[in-house]
Protein chains: 2
Amino acid sequence: MIKKCIQIVPGFSWFGKNIGIKDQTLDFGGILSDVPCQAAGVFTKNTIPGAPVIVGKEHLRDGMLQAVIVNSKNANVATQQRGIEDSRDICAMVAAACGITTELVLPSSTGVIGRRMPMNVVIEGCKGLREDYGKSVQHIENFAESIMTTDTRKKIVSAEVGNAKILGIAKGAGMIEPNMATMLCYFVTDAALSSQELKSMLLRVVSCSFNRISVDTDTSTSDTVVIMSNGLAGAVDPVTFEEKLQQMSIYLAKEITRDGEGATKLIELTVSGAKTEEQALLTAKSVINSPLVKTAIYGADPNWGRFAMAIGKVFQYKVDITDLKIFFGSGDKRLCIDTVALDCNEVPLDGISKLLKKNEVHIEIVLGGGPYSERVWGCDLTEGYIHENAKYTT
Amino acid sequence: MIKKCIQIVPGFSWFGKNIGIKDQTLDFGGILSDVPCQAAGVFTKNTIPGAPVIVGKEHLRDGMLQAVIVNSKNANVATQQRGIEDSRDICAMVAAACGITTELVLPSSTGVIGRRMPMNVVIEGCKGLREDYGKSVQHIENFAESIMTTDTRKKIVSAEVGNAKILGIAKGAGMIEPNMATMLCYFVTDAALSSQELKSMLLRVVSCSFNRISVDTDTSTSDTVVIMSNGLAGAVDPVTFEEKLQQMSIYLAKEITRDGEGATKLIELTVSGAKTEEQALLTAKSVINSPLVKTAIYGADPNWGRFAMAIGKVFQYKVDITDLKIFFGSGDKRLCIDTVALDCNEVPLDGISKLLKKNEVHIEIVLGGGPYSERVWGCDLTEGYIHENAKYTT
């Protein structure tokens, strides 16, 4: 089983502190391994990626990393060549402080787009940096806090595989519709796995976890998921390792969605009976991203017609509405909308409304006619999202 | 020029009244021509279309109409075969009252999805219906009001072409991202044009007007645009006619967007310098539909980095950010974001914020590298949208 708490992974040090990028909250954090690690990462598909994404991909090319350095409050995106040089300079300062080479440092930045990094502040923050690292739970918690932006809580998960441990830390909470990658998420482990093994596992795992969530349809320019393995615990069964990594990723992906900007509810949506994998995923994304579905769920309004609308706007696939069923709730308590069996005026609206009032809402849409299914997660759309985002930089 | 008021078109009668479908507001309206009309229409591409869309397409097949009957407060969608029969029955009652054949009546319904039409109420409302029709401005205004749902105002436009007149009436205001068609919109004219001419004009005109707007990315199941020509004024220059029809359609499309649910601002966005037509349109839609862009404009927050993010999530086309320019405002007062010419910390944020405070916001994104451009309209995303939609049916 996975654990929703910190478990120390031998050989990794951490820090999180404030260096004053914007305010007094923690805004600078790092991970350092005692030894060079096999490593793999997946990054945003946004065509205007942040400078740290560009530099991070270069540094990961040989499958080796020894440190991660992250700042919040500034994303270092759309800052042209100067931003790339700033990101390289940060890696070089961290490398010098830790006595490793610059190419072993993976940089990440998250926060506002389109502002240069305040490099004088970062230079000050890097002085005597080696002293900031430590292996305690508190050090790890500080790191998890330092990478937060609009997140309301830290996102941490851990697991064991044989003698080895895995720890994962992530942040959300807006600009979330990852594509092939996602937000910021760091996994460390002492299991011995090659960078090639880690890369193929990570691609599969991300595909059914982080790539299946959406807060607001906006794909961040900074999305990064990285895993580092220092090998100190020796070999493990790779199948079990991947199972745990998948459970941890799904947990963190759900945590990010549940803590989406302004969200009051996590929505788990399954689309089954699709003719193709693509139809299942497009339909799931269409429904989970529909502002009218999201606001109805926020208000616990059993306005199921909006689901029909959102299913029908996947223009590529004709849906036969006589096959369509929509289930609300989970387990024995599921309520079904079936407009053929029921007169649509007999739909159990009160019961559906009651199920929509829970803070985790389970819905299954059965299209009929095919064997494919997909599961995605999203959240409701509330005034809180508007408040968070109308004045973000001012 | 087009006029933002009613101009009476000879040969057409109108009514709008309350029959009690949901409350005491006007909910039932109709148009009747003295003679059969050449007619054309475009309809929603949603694959779960409303029953009236299915019946309306059948009735339009021969390019002839003499009447339109519309109700608000119930969309008659996802109501299976029974809903289609209800829609046919309504056309038959109207036809009987007016002494015409059923196939000359185009039905429309708008409102909540997934409830059967209250046919007993409609049957009562159709009694003595012929007496309700009239040719006065008041009759036309009643019609325009009877088709409204969450619209806060009527949407009416008129124009003259030679001796002929054109009148257009539309409604919005949520579930708006038309695709090949849109919401409800009715044009009548006394110009003599064939249904084939009307159809090809309408397709071109809709493409650059109603198909270029979005309130909330949700494509309605009821979208319908229809034009009826009774020919009483004789032939007109078709090129001038189409120009006017285009101006009228753009005006109504902008009015629908300006009156989008909860909207405080109309956004006009042009994307130019694209390599293909598709790139221009996808980029324009990505930006105009981004919740983070829409909330920033609501708060007049000059968070231009969100534009970069939204441009970059059109994964099919790589954008060279050194070519990218974003202009805010119109005419002489345009302010430019150019991260190559300017250090991004020198961007005129205060000036942009001032421009974003206006209730019409003009933005141009220049991608560089190609000759294609597209213009679209959208609105901001506010608490008002959430309030309108969280409890719509309860």
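The values are calculated or read from the model by the stated rules, or taken from the named source; none is laboratory data. For clarity, every value in this text was computed on a predicted model and none was experimentally measured. For neighbour counting, all protein chains shown are included, and Cβ atoms are generated from backbone atoms with ideal geometry for every residue, glycine included.
Points to keep in mind about this one:
- The residues of segment B:70-111 that are within 14 Å of another protein chain (Cβ to nearest Cβ), hydrophobic (A, V, I, L, M, F, W, C) and surrounded by fewer than 20 Cβ atoms within 10 Å (Cβ to Cβ) amount to a single one, B:ILE84.
- Count of residues meeting criterion [buried (at least 17 other Cβ atoms within 10 Å of the Cβ) and assigned to a strand (DSSP E or B)] in segment B:327-337: 4
- Screening A:CYS98 with (1) more than 27 Å from the chain's Cα centre (by Cα); (2) over 18 Å from A:SER13 (Cβ atoms) gives one miss only, at (2).
- Count of residues meeting criterion [in contact with a helix residue (DSSP H, G or I) (Cβ under 6 Å, 6 or more places away or on another chain) and over 18 Å from A:LEU356 (Cα atoms)] in segment A:239-270: 6
- For beta carbons closer than 7 Å, sequence separation of 6+ or different chains, a first residue in segment A:320-335 that is within 15 Å of A:SER373 (Cβ to Cβ) and a second that is assigned to a loop (DSSP other than H, G, I, E, B) and modelled with pLDDT under 90, the qualifying pairs are A:ASP323/A:GLY368; A:ASP323/A:GLY369; A:LEU324/A:GLY368; A:LYS325/A:ASP338; A:ILE326/A:TRP304; A:PHE327/A:ARG334.
- Residue within segment B:217-239 that is acidic (Asp, Glu), outside any loop (DSSP other than H, G, I, E, B) and away from chain A (no Cβ under 14 Å) present: no
- Screening B:SER158 with (1) modelled with pLDDT of 90 or more; (2) closer than 27 Å to B:TYR392 by Cβ; (3) of a type in the set (Ser, Thr, Tyr) gives one miss only, at (2).
- The residue of segment B:349-371 that is farthest from the other protein chains (Cβ to nearest Cβ), among those that are within 19 Å of B:GLU278 (Cβ to Cβ) and surrounded by fewer than 17 Cβ atoms within 10 Å (Cβ to Cβ), is B:PRO371.
- In segment A:295-309, the residues that are more than 7 Å from chain B (Cβ to nearest Cβ) and farther than 12 Å from A:VAL347 by Cβ reach residues that are at pLDDT below 90 and surrounded by fewer than 24 Cβ atoms within 10 Å (Cβ to Cβ) with C-beta atoms within less than 9 angstrom, at least six apart or across chains, in these pairs: A:ILE297/B:ALA390; A:ALA300/B:ALA390; A:ALA300/B:LYS391; A:ALA300/B:THR394.
- Residue count, segment B:342-372 (criterion: in a loop (DSSP other than H, G, I, E, B) and either of a type in the set (Val, Ile, Thr) or over 30 Å from B:THR264 (Cβ atoms) (or both)): 6
- Filtering B:LEU193, B:LEU202 for residues that are touching a strand residue (DSSP E or B) at 6+ places or on another chain (Cβ under 8 Å), touching a residue at least 60 places away in the same chain (Cβ under 8 Å) and assigned to a loop (DSSP other than H, G, I, E, B) leaves a single hit, B:LEU193.
- Sole exception among (1) farther than 25 Å from A:GLU145 by Cβ; (2) more than 14 Å from chain B (Cβ to nearest Cβ); (3) surrounded by fewer than 23 Cβ atoms within 10 Å (Cβ to Cβ) for A:CYS126, by number: (1)
- The listed residue being among the hydroxyl-bearing types (Ser, Thr, Tyr) and surrounded by fewer than 23 Cβ atoms within 10 Å (Cβ to Cβ), out of A:SER220, A:SER207, A:SER249, A:SER229: A:SER207
- Some residue of segment A:22-39 being more than 14 Å from every other protein chain (Cβ to nearest Cβ), in a loop (DSSP other than H, G, I, E, B) and either of a type in the set (S, T, N, Q) or closer than 18 Å to A:THR219 by Cα (or both): yes
- Considering A:MET175, A:MET180, A:MET201, the condition of being at pLDDT below 85, hydrophobic (A, V, I, L, M, F, W, C) and more than 22 Å from A:SER146 (Cα to Cα) is satisfied by A:MET180 alone.
- Of the numbered criteria (1) on the phi < 0 side of the Ramachandran plot; (2) within 14 Å of chain B (Cβ to nearest Cβ); (3) not in a helix (DSSP H, G or I), the one A:ASN211 fails is (3).
- Subset of segment A:270-326 (residues that are surrounded by fewer than 19 Cβ atoms within 10 Å (Cβ to Cβ) and either in a helix (DSSP H, G or I) or not assigned by TED's automatic domain parsing to the domain that holds A:VAL347 (or both)): A:GLU277, A:GLU278
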